[in-house]
Structures are given as C-alpha cells and as structure tokens.
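The values are calculated or read from the model by the stated rules, or taken from the named source; none is laboratory data. Nothing here was measured: the structure is a model prediction, and the numbers come from that model. Here the Cβ positions follow ideal geometry from the backbone for every residue, glycine too, while neighbour counts run over all protein chains shown.
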C-alpha cells in the first residue's frame, strides 16, 4: 500500500542588487533596489505571492479541509519568511492557517538556505537553530525532520543532523546512488544510530514539477486520474512515494494557464480512489514503515540538474572563489557583534547567489537562465563580490573602532608592556650580531 | 580543500564537455555544393587592411571557395602600396584577383582622401564620390569580360560597381553591409552623398546581407529596406590563425602592472573617448594600471589632448597602427580588452580577443554582442559601468579566468564556414 508523502520547498533569496565598485563604502544596503524590475526583491516577492503562494495555499487549505486524510509538508526558508514579514505578511497568515489544520508538517533547514555545511559546521548548526526558533515562533511546531539546502546530502551531514536531534532527513533518490534500490522504501543513513532517509521519487516528482506543461512529452496533457493510476502502480512495490518539489511549481514554474491548479484540486481524490493509498507526512512515514537497509553516501548528492551533485553551485573558479571568500569572513563578521552586518553576511550565504554564477549551461540558455535574474553569470559574480567587499570593510571598521575603544579604556597598558618586551628581545638579539661584525 | 578540488575537477569537466560540443560544429568536409561563380567587389584585403572589412572579405571568399564557389575578386588598386596579390594565399586557386587602377582606400573620409591623393597629372578624380563612380564604371567592363552567376558587393564603395555590373550582365546583385554611414559617423551628422550611394545599392540589390541583427534593424529604419529582403550573416573568426604569440610589454607585466587594451581605429565610431573617461576612473582605484590604445585615426589628437587634460598621460600608451603579429602579442599580454563602440555593425576584433583568451568587454551597441555570451556587456555611454567591469576583471582572477576559458571555447563556434554556408543560402534565393 503506497503512502504518498508530499513535501514542498518554499524559498526566495535576497538577490543582490546592481552593486558597483563605486557603491563600496557608500551604500551598505545590498538587497533593496526599487529601480530595477529584475532585481527588486519586493516586486519579485509580490509577483510570486500573487501567482503562487496565495492561490496555492488556498487550494491546499480547501483540499485539507475536504479530505481530512490528506497530508502535506513544507520547509520554508528563513530568508523567505523575513521577506514575507517585510513585504507580504498575509502570506504568513495563510501558511499559519494551513498549519492549524493539523495535517501539515514543517521541516527544518538552514535559515538562509545556505551551503554552510560544506564550509563551516559551526555556522551550519547556528543557522539550523535560527530556523528552528523562527518556525517555533511563527507556527508553534518543532520540526523533527531535516532537509538540507537543495537536498544536498552525504553521510557526514546525516551524522551531524542526528546529533542535532532530528529523526529523519530528505534525500534525492538519485540513480547513481540507489542503483538497484527502490526509492519508495525508507532507508537508514549509514553511520547513524537510527536516522531515517526519505528518498525523492524523482520520476513521479518531475512529472509534475518539470514535465507537466511540456507539449513534447508523450503524456501531455497530464491529468489527475492518470497520475493517480501511476501512484497505484507502485502498490506492492514500496511503502511511500516521496513527491518532493519546489512549491513555486504551482503557479510560478507551471503557470495557472497550464491547468496546474485544476490538476492539484483533483489529485487527492484520484489518489484516494484506490483504498490502498493514503497520505503521510515525513514523520508519519518513518514511524509507520521499517527501513529496508542502510544507504551509504560518501560523495555529495543533491536534487539539482542532471548531474545531481554540487556542480550547480560549485563548478567554476568564480563560484569557488566567492564561496571561499564569504566563509573566510566568518570570524571577522561574528566578532563585530553587529546584528546588521551578521545578517547581511548570512544573506550573502544563500545558495542562489552561487547558482546564478554557474556557467555550466550558460551557452545553451536553459533552465539556469530561466532562474537567473542577472544577464549573465559574470554580472552575478561582479555584484556579489563588490557587495562582499563592502561588507568586509564594515566589519573591519567596527573592529578598529573596538580596538580604539579598548585602548581608551586603559587596556593599552598591557599592550604597551608586551610591546616593550618584544622590542627589548629584538634589541638583545641584534646586539650580539653587531658585536660579531665588529670583531 | 576537498571542495575546491571538486570545483576544479568540475570546471575542467565542463570545459571539456563544452569543447567537444563545439568540435562537433566544426566545418564538415561536405561535398561541394553547386559551383556558383561569384563576381565579388571589395575594397581591401589583408595584409593591407585597415579594419575588419578586409579580413571579412578574405575569410568569406576563402570559405566560399572551400565550399565549391569560384570567385573573381575585384579590388580597387592602391597607389602607394602594390598589393602583392600573387602572395595572397587562398586555399583554392579558383580565386582570381582582378585589379582596377584606383587609389581608393577604405575608411577614408572625403577630406582625408583629397589630402592624400597626389594630383600629379594622374587620371584620378580628387573627389572621393566621383572616384567611387569611376570604380563602378570600370567594374562594368570586368562584368562584360567575366562569366558569373551572382554579383556580391561589399559595402558602399563597391555598391556602384555592383549596380553597374548588374546593369551590364542582368545577373542578380547581393550587397553585403558591413557598416553604414550612420555607424562610421558615430550617430553624428552623416555625409548625404554616401548615404545616397548606400541607399541606391540597397534598392538595386536583389538581396541584402547584413553582418548583424543590429545592422539589419538600422537598414530597415534608416534606409527603408523591406525586412524580408535582408539576411543576417554574422562574421566569424579563423581560430586556426590565432597563433600562440609572444607576450609583449614584459617589463610592464613584470612590474605587476595591469594592462587594459583598446584596439581599433581611433574614430568617433569606436568610442575611444569613453575608453579614456573610464581609464580615469579605473586609475583612481588601481593606479597600477596601464591603458594601451592600439590603432590610429582622425580622433587621435583629440584623445591625446583629453588624456593630458585628465592628467593620465603617463598611464595611456598610444602604439599607432600595428601589424597582425604585434596585435596577437598585445592581445595575449592584455588583462582585459575593451570595445566601447558607439555603433559597431559587427566587431570582429572582439572575436579575435576572445580567441586569444583575453577577457573581453563589449558595448551592447555592437553586432558581435548578439553572438557571444562569455563576455561582459556595457552601454558605451555608461562610463561608470565600464570602469566597474574593468576593475572587476582586474581584481578577481577567478572572473578573468572564467571569461578567458569559456570565451575562447565559445568563439570557436563563430567560424567562417558557417558564414559562407549562409551566404550560399542567400545566393540560392536569387539565382
């Protein structure tokens, strides 16, 4: 009896606005840009809210009320929640209404949808804690399941996540990892006590997320009865079908005119027509079903591109450079103890910035281009690096102000003492040399 | 550590994937198409070219001949320099070169023409326009003697020749627009008579080829040509000719100086004044930068004065006109090449820079910006943005490496064989 587990990633980054070398030291706001349509976070958020978040939330709310057995799950990034609070608070209310049904599970992730696990375990833990706190505040839930940015995953991450108290984690059901294994079974993460893995069924997920409106696809137009049958076909060959996708699939990637909302409205009913089928949240899935074995994942896997690896964010020298530089500032930034500087730094960690710098498919003008608000990966890089340089300058000036303050407070005494000591040491080493020369 | 090794490997993978993809586009050894006989009128060929036009004519003719066309190439003769046509190497001996005794030289304005022509009882008309007309009449004589299927005339100086050849032979005329009077005058006041010659050529032509969509739009707007009559054939580059060049300016480079390159005629069309304005801004941030202006032209004095006025004379080097060999070596020494053209129908130089692995900045007001992606693009008037991008390339090695690697691979797609194939398509429509 296959259970269907719906999970939606809900995220928007703070895009870096057009930021030139002449703005460095002058303008410390990297994200507010009311002048350019393509890079104005507020306008983008309003547009996506109208096209996707608000209508999709309404559809799901109606469905949850109509079918008490219908379940869904979300992870909403902190950087998006902040933007809702700032520009569109009614979307938060509509998510709260969904959660109030009791049929919605919220997952944790890094607050800033970052790649921090790859560069700084400390920062990673901190961002997860921030996210957990935010979810508790807004929705009164404490997530038990973790979902790393863009489903980036390996054994080490699983071990870390278990230490942090989570019971389960989401992963891409990538062929090159699974081989003969079936993604429709729960697995256990290698090297953990008992952290459960939910594997994305990428075929059935992408039938909705990518192929739904593709006229060249043999199954187009996809309608709910047909899809319901595909779900039922897994009967006897798996426990849970994990349908993981971007929430923006509904109304933003697949526009309303494609019929995506109509499809959605009919889907639960069609799936429930088969008495063997039902819906579960990720927590329910791992409680109900035994795992069928351990899954060992050494190299990173993700749900991005055909490669299903890190190359969307980390495959050219610009991306490598930008990521290294932003994480190299960690100590300086945190020492500043300046909330604005720290939050700006964290906003600059969001994975999307590095995705925009990807040159992999640039010449083909494919999906990367659709999601890139910049004219080219190079433009993305230039704005980003300029902003980062300004941020570094801010942290430095705070550090030097602190030093000055400390000196005034009288701590200079110890410093000057140690300096004297140093100079006397130097002097004593010099003298014998001179003496030798004299001889 | 592990991550950056991963990035390096991924980058190499993606480059080689791109490279293999490009290679599959490389010129194929196809059966020769129907052997078109082409009477081609040009006005310069390398090595005596003063701009991209001569290169374009040479490469296009060579690629056409490789595809089986037989070409009679007509050139006006230079007075001071004997064109060593015998030394011109075309891949096929099917190309004949005919000379017409005329002192025409490309890119000259009417005033520079009058100054340069030596009026020692020669038969040449001191007036450029008259000379163009005379070239046309001579061309008619050639048209009578030669056998051909189609006439192909490059730019306005050869348009009267093309029209005359068509009148005599009743063969179809294709005119190829590499630049218009509006481009050459940098959107300033135009010479009405040159405009009229261009218009006559476009109207008499059976089909028009433009080097870009940018130029096609201009022809439609300014000359009222029906868009259905125009085909866009982007210029290409012969990547095989880009040899590994010796680096020049070794001393400067050894001192840690960064080199920003402008390369082209120093005329209003090419935007040299914007280059100097941007230089002023860049030097403020990075005093260790040297700006090289390779080329000559009627704005040279003005630009030198501007440099002095801005107080950056010690940072700007004027090289004068350079040979191709020198050019290659300058490309490979430059940290960034910039083409701030005010109005550039195509801009082959940008392809050459890319093939030389030089990070490249081009203006949006150029035809080449339609065909290349791995470059930085700016509006020519946006001096702040030009400076911003120059500084970004100079201060981020990762950016300059990506631009150089991806750009040099991408540019291999823009080859002359594809341009020749498109020309043959155009001929098919009229023959």
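The table below gives the values:
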read-out	value
Any chance residue A:142 is part of a loop (DSSP other than H, G, I, E, B), within 26 Å of residue A:322 (Cβ to Cβ) and at pLDDT 95 or above	no
Single residue of the range A:284-303 satisfying the filter (crowded, with 16+ Cβ neighbours inside 10 Å and in contact with a helix residue (DSSP H, G or I) (Cβ under 9 Å, 6 or more places away or on another chain)) that is farthest from the other protein chains (Cβ to nearest Cβ)	A:295
Qualifying position, being modelled with pLDDT of 95 or more, touching a helix residue (DSSP H, G or I) at 6+ places or on another chain (Cβ under 9 Å) and within 21 Å of residue A:195 (Cα to Cα), among A:326, A:280	A:280
Segments classed as helices (runs of 4 or more DSSP H), wholly inside the range A:304-406, with at least 1 members that are within 14 Å of another protein chain (Cβ to nearest Cβ) and surrounded by 23 or more Cβ atoms within 10 Å (Cβ to Cβ)	A:317-328, A:351-356, A:377-406
Some residue of the range A:211-222 being assigned by TED's automatic domain parsing to the domain that holds residue A:282, touching a strand residue (DSSP E or B) at 6+ places or on another chain (Cβ under 6 Å) and closer than 22 Å to residue A:56 by Cα	yes
Residue, nearest to the chain's Cα centre (by Cα), within the range B:125-137, restricted to residues that are surrounded by fewer than 19 Cβ atoms within 10 Å (Cβ to Cβ) and not in a loop (DSSP other than H, G, I, E, B)	B:129
Some residue of the range B:151-160 being farther than 30 Å from residue B:266 by Cβ and loosely packed, with under 15 Cβ neighbours inside 10 Å	no
Any chance residue B:365 is more than 9 Å from chain A (Cβ to nearest Cβ) and farther than 28 Å from residue B:16 by Cα	yes
Single residue of the range A:18-59 satisfying the filter (within 14 Å of chain B (Cβ to nearest Cβ), assigned to a loop (DSSP other than H, G, I, E, B) and touching a helix residue (DSSP H, G or I) at 6+ places or on another chain (Cβ under 7 Å)) that is surrounded by the most Cβ atoms within 10 Å (Cβ to Cβ)	A:19
Sole exception among (1) within 10 Å of another protein chain (Cβ to nearest Cβ); (2) buried (at least 24 other Cβ atoms within 10 Å of the Cβ); (3) touching a strand residue (DSSP E or B) at 6+ places or on another chain (Cβ under 8 Å) for residue B:377, by number	(2)
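Per-residue answers, yes or no, for (1) touching a residue at least 60 places away in the same chain (Cβ under 8 Å); (2) farther than 19 Å from residue B:133 by Cα; (3) assigned to a loop (DSSP other than H, G, I, E, B):
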position: B:159; (1), (2), (3): no, no, no
position: B:194; (1), (2), (3): yes, no, no
position: B:198; (1), (2), (3): no, no, no
position: B:209; (1), (2), (3): yes, yes, no
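Okay, residues lined up against (1) away from chain B (no Cβ under 14 Å); (2) more than 19 Å from residue A:285 (Cβ to Cβ); (3) more than 19 Å from the chain's Cα centre (by Cα); (4) assigned to a helix (DSSP H, G or I):
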residue: A:93; (1), (2), (3), (4): yes, yes, yes, yes
residue: A:112; (1), (2), (3), (4): yes, yes, no, no
residue: A:136; (1), (2), (3), (4): yes, yes, no, yes
residue: A:192; (1), (2), (3), (4): yes, no, yes, no
